[in-house]
Amino acid sequence: MADIINPENEGDLQSQIEEVEALSSIYGDEWCVIDEASRIFCIKISNNLEEPKLTACLQIILPPDYPSAAPPIYQINAAWLRGPERARLANSLEDLYVEHMGESILYLWVEKIREFLVEKSQSSETVDQSEKVNMTAEEEVDGDDDDDEDIPDFRTLKLNTENVHLFMDHANDEEVPPIKHGNPITDRRSTFQPHLAPVVTPRQVKIVLEKLYENKKIASATHNIYAYRIYCEDKHSFLQDCEDDGETAAGGRLLHLLQILDVRNVVVVVSRWYGGILLGPDRFKHINNCARNILVEEGYAASSDEATRSGAKTKRPKSKKTK
């Protein structure tokens, strides 16, 4: 973009081009260009290329003044990565950046994440992580209900969005995707409300989240759980991620719902305002019911009645929004 390439940034842009070319040659199909003009990339990382047990997707946005004066803005997408582990990995990446400030850092970051995956896969505490989001986590949450219910934790969500505006001002042509707000569900003084927006890039997901957080009521919610799925036509694959925001395993379940319904190019956020009474497993039912309702209302999924009448499975969405 013309306003990125100025005399101050020419050296940085050349460094970025060289770094991206090197990473593409090193990692092949694992390296993916999401939006070259906006400098958005991602790479799939696994603990073992032959028998991957754990995988993570590192999404990167390169600011105009990287690497000379600013770090990459990043998001690690892995439903199994939560809480202290996510913070520990983030701290190690930040330490690497400080140690190599002013240098190209992405290769070191990728290999640090791979090292983290290898370490975790070898840990005796590791179980089949592909099953953990939907099974083990449910048992953990039900057992730790008292601890999780009333601890708001916005750190990860804000970490993923707070710096984006520093270099997105040049993209004034990028409008906020239209955000729809669904009907709330209230149970024992807890209220759940869904929000939905069409998205086709991870950057749009961040824009939607930032816009929602401008609303003081949404920003004050105890939890803002979200999940998104974006279909990459050229790769015939999905970019997808979720966030619990302190409600352990809720984001993974929400993403699982989007996968079952086979919806695409959409982000769903469910805000929960805790009312002081523990709901136990019912809270997951309300979160997913909220999400399903707004997906049906906005034409991303068929209602149960429509699916039954047509003889189709509810996992196929209406085609209204997929193009």
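The values are calculated or read from the model by the stated rules, or taken from the named source; none is laboratory data. Note that the structure is predicted; figures quoted are calculated from it, not measured. All Cβ positions, glycine included, derive from the backbone under ideal geometry; neighbour counts span all protein chains shown. These area figures cover heavy atoms from the full protein model, side chains too; ligands, DNA and RNA do not enter into them. Shrake-Rupley method; radii C 1.70, N 1.55, O 1.52, S 1.80 Å.
Restricting the first member to the range 214-237 and to residues that are part of a loop (DSSP other than H, G, I, E, B), and the second to residues that are surrounded by 14 or more Cβ atoms within 10 Å (Cβ to Cβ) and small (Gly, Ala, Ser), the beta-carbon pairs closer than 6 Å and six or more apart or on different chains are Ala221/Ser271. Residues that are under 30 Å from Glu10 (Cα atoms) and surrounded by fewer than 17 Cβ atoms within 10 Å (Cβ to Cβ) do occur in the range 81-90. Every condition in (1) in contact with a helix residue (DSSP H, G or I) (Cβ under 6 Å, 6 or more places away or on another chain); (2) outside any helix (DSSP H, G or I); (3) farther than 23 Å from Phe41 by Cβ; (4) among the basic types (Lys, Arg) is met by Arg253 except one, and the failing one is (2). Tell me which residues, restricted to the range 237-271, are under 24 Å from Ala219 (Cβ atoms) and among the polar types (S, T, N, Q). Passing the criteria: Thr248, Ser271. Residues in the range 1-17 that are open to solvent by 80 Å² or more (accessible area, probe 1.4 Å) and at pLDDT 75 or above: Glu10, Gln14. Of the residues making up the range 173-194, not a single one is outside any loop (DSSP other than H, G, I, E, B), touching a helix residue (DSSP H, G or I) at 6+ places or on another chain (Cβ under 6 Å), over 23 Å from Ala221 (Cβ atoms) and at pLDDT 80 or above. Selection of the range 211-260 for residues being open to solvent by 50 Å² or more (accessible area, probe 1.4 Å) and of a type in the set (D, E, K, R) yields Lys211, Glu214, Lys216, Lys217, Glu233, Asp234, Lys235. For the range 188-204, the tally of residues that are open to solvent by 10 Å² or more (accessible area, probe 1.4 Å) and over 30 Å from Ile277 (Cα atoms) stands at 5. Within the range 171-187, the set of residues being touching a Cys at 6+ places or on another chain (Cβ under 8 Å) and open to solvent by less than 30 Å² (accessible area, probe 1.4 Å) comprises just one member, Gly182. Only residues that are open to solvent by less than 30 Å² (accessible area, probe 1.4 Å), assigned to a helix (DSSP H, G or I) and of a type outside the set (A, V, I, L, M): list them for the range 18-66, please. Scanning the range 18-66 gives Glu19, Tyr27. Close Cβ contacts (under 8 Å, 6 or more residues apart or on different chains) running from residues in the range 187-206 that are within 15 Å of Gly299 (Cα to Cα) to residues that are open to solvent by 30 Å² or more (accessible area, probe 1.4 Å) and basic (Lys, Arg) comprise His195/Lys180; Leu196/Lys180; Ala197/Lys180; Pro198/Lys321. Scoring Gly28 on the criteria (1) touching a Pro at 6+ places or on another chain (Cβ under 6 Å); (2) farther than 30 Å from Gly246 by Cβ leaves a single failure, condition (1).
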